[in-house]
Amino acid sequence: MYITCLDLEGVLVPEIWIAFSKESGIPELKRTTRDEPDYDKLMQWRIGILKEHGLTLRDIQNTIAKIDPLPGAKEFMDSLRSECQTIILSDTFAEFASPLMKKLGLPTIFCNSLEVDEKGFITKHKMRCPESKLTTVKALQSIGYDTIASGDSYNDLGMIRASKAGFLFRTTEKIKADYPDIPAFTEYSELLGAIRDQLKR
């Protein structure tokens, strides 16, 4: 039995931090896991910038409310979920993801959480477990599932490499060059076709 594990941002929805960077006018917040492989380091840096500019969780949530899935993402998810159990594995946070999941048809998502103080400022990010995407894929395999995985960033490479089949989707030229053995796609039809081919094996 197969379960497909998908990244969220950059694959199904726009990058939340890039959207918030534009909304807030803070260009430094455009930095994502495509640029910084160390997610803990990236988040601590982001929290520091938010505090410096006096921005709260609510400010970010107001931006997220305006974000729609990438064109074709909902249809891709509907098709995939009709053929295969599918889970979104994301390093985003429950406090960010809820409205986006509604727009995607309420798929299952495993993500992380935030600690927020009484004034609404983010004080800490809490990872669900170490190397959460890879750890989850290994856990699924330990209970009898084969996994198929796809993502766009450095923090997706562990789950992609550990899976029966793994694909890059709309990734950077650098990541494609660094990992030429991983098939890379830019269209949902290509990714869906590759997953379907694996499901037949």
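The helices (runs of 4 or more DSSP H) found entirely in the stretch 103-201 that carry 1 or more residues being aliphatic (A, V, I, L, M) and open to solvent by 60 Å² or more (accessible area, probe 1.4 Å) are 173-178. Within the span defined as the stretch 84-99, one or more residues are aromatic (F, W, Y), under 30 Å from H53 (Cβ atoms) and touching a strand residue (DSSP E or B) at 6+ places or on another chain (Cβ under 6 Å).
Take the conditions (1) open to solvent by 50 Å² or more (accessible area, probe 1.4 Å); (2) under 23 Å from E131 (Cα atoms); (3) part of a helix (DSSP H, G or I); D78 misses just one of them, which is (2). Scanning the stretch 17-70 for residues that are open to solvent by less than 50 Å² (accessible area, probe 1.4 Å), in a loop (DSSP other than H, G, I, E, B) and either farther than 22 Å from E173 by Cβ or modelled with pLDDT under 95 (or both) yields a count of 9.
Looking at L89, L100 in this structure, which one is open to solvent by less than 20 Å² (accessible area, probe 1.4 Å), under 28 Å from E190 (Cα atoms) and in a strand (DSSP E or B)?
L89
The values are calculated or read from the model by the stated rules, or taken from the named source; none is laboratory data. Since we're looking at a predicted model, the values are computed, not measured. Virtual Cβ from ideal backbone geometry, glycine too; neighbours counted across all protein chains shown. What goes into the accessible areas is simple: the full protein's heavy atoms, side chains included, and nothing from ligands, DNA or RNA. Shrake-Rupley method; radii C 1.70, N 1.55, O 1.52, S 1.80 Å.
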